[in-house]
């Protein structure tokens with residue numbers, strides 16, 4: 001009898017993973033909102049956390065003259081850091097994606113051979129119905145369109161957005177580039193998993209990181225390709241983060257207490273911030289950018305996962321931020337057209353007013369994303385699989 005397929009995972013979820021995803025997706029949404037709110041033409045010299053002299057830029061000549069000045073400087077450092085580094089959370093999601101897939105597949109493999117046909121079917125049912133629903137939603141919001149609905153829309157429906165990469169990869173909803181990369185990583189995952197089983201965590205990680213960095217070197221320096229191939233149109237360019245996540249997922253499966261002791265809590269947050277400091281000193285150099293996505297993913301993941309370990313001690317935060325993380329896919333697929341449209345229209349608001357608006361917007365978009373994803377998953381279970389949701 002064929003193995004049952006469900007779009008709802010029956011594996012017990014880790015609270016801190018869902019919290020980390022919740023933090024990550026809310027950070028991404030806020031980043032997209034604030035980058036459309038800020039008029040960069042009027043503010044060309046905004047302090048950049050990756051400039052190598054970020055704190056000096058923020059503090060100026062008198063940022064540490066008094067306790068009040070120091071507090072204001074630290075608050076500005078936090079504001080610019082949160083506002084400008086949200087795109088680093090993409091690396092967090094790539095790592096956690098590899099982590100979850102490797103851990104659950106390893107667990108399944110120990111009970112018997114994995115039926116890869118069913119595995120692919122489960123991935124398809126988990127990803128595509130929600131992805132298509134987001135396309136329908138885009139059609140229903142013509143006021144957000146930055147580009148016309150044309151033949152590129154049909155290519156986008158397939159997810160193969162690397163076809164004619166310059167015109168298709170960020171078409172319609174720029175955030176959907178991640179989906180195009182994700183299905184590539186899922187396509188090669190069985191091979192990666194078998195290599196992981198065959199060679200072990202250490203050798204697999206060295207090989208995968210080597211292949212990924214070599215691909216990035218060729219794309220960036222030797223071939224000087226369109227940057228979209230480096231971003232994710234070629235999934236091998238993001239293999240280091242995904243493979244690192246796979247290795248950590250298996251390590252956690254084998255000894256969860258030891259791994260969590262290192263990655264949850266203030267020690268991981270501090271390590272991530274220190275790493276960010278060193279990253280900022282070399283970021284932007286051509287050769288260093290070969291490594292950039294990997295080391296920013298590690299820095300961001302240490303900070304966010306460390307914070308999630310602290311947050312899981314709070315029942316309130318664990319419940320609500322974790323819920324956003326559980327349904328982060330729906331929020332990711334639907335948010336960008338709305339925040340891109342709204343951002344320029346609220347530029348007259350002051351910082352505190354914008355902060356309050358952002359909080360309300362994040363809540364509203366999260367609520368809608370959760371509702372939409374649960375509805376689509378339920379519809380998939382009932383209509384496509386002919387049974388009630390698990």
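A few comments on the model shown:
- Tally of residues being surrounded by fewer than 18 Cβ atoms within 10 Å (Cβ to Cβ), at pLDDT 80 or above, over 24 Å from the mean Cα position of the chain (by Cα) and assigned to a helix (DSSP H, G or I) across region 35-79: 8
- Total residues in region 99-117 satisfying the condition of being over 30 Å from residue 301 (Cβ atoms) and either in a helix (DSSP H, G or I) or touching a helix residue (DSSP H, G or I) at 6+ places or on another chain (Cβ under 6 Å) (or both): the figure is 1.
- Test result for residue 326, farther than 30 Å from residue 149 by Cβ, surrounded by 13 or more Cβ atoms within 10 Å (Cβ to Cβ) and within 21 Å of the chain's Cα centre (by Cα): yes
- With respect to the conditions (1) modelled with pLDDT under 90; (2) assigned to a helix (DSSP H, G or I), residue 232 lacks only one, and its number is (1).
- Checking residue 362 against (1) surrounded by 13 or more Cβ atoms within 10 Å (Cβ to Cβ); (2) closer than 21 Å to residue 139 by Cβ, the condition it does not meet: (2)
- Subset of region 380-389 [in a helix (DSSP H, G or I), surrounded by fewer than 19 Cβ atoms within 10 Å (Cβ to Cβ) and touching a helix residue (DSSP H, G or I) at 6+ places or on another chain (Cβ under 7 Å)]: 384
- Any hit, region 149-171, residues being under 28 Å from residue 249 (Cβ atoms), surrounded by fewer than 18 Cβ atoms within 10 Å (Cβ to Cβ) and over 22 Å from the mean Cα position of the chain (by Cα): no
- Verdict on residue 123 being in a helix (DSSP H, G or I), touching a residue at least 24 places away in the same chain (Cβ under 8 Å), in contact with a helix residue (DSSP H, G or I) (Cβ under 6 Å, 6 or more places away or on another chain) and surrounded by fewer than 19 Cβ atoms within 10 Å (Cβ to Cβ): yes
The values are calculated or read from the model by the stated rules, or taken from the named source; none is laboratory data. Model, not experiment: these values are computed from the prediction. Don't worry about glycine lacking a Cβ; one is built from the backbone with ideal geometry, like all the others, and counts go over all protein chains shown.
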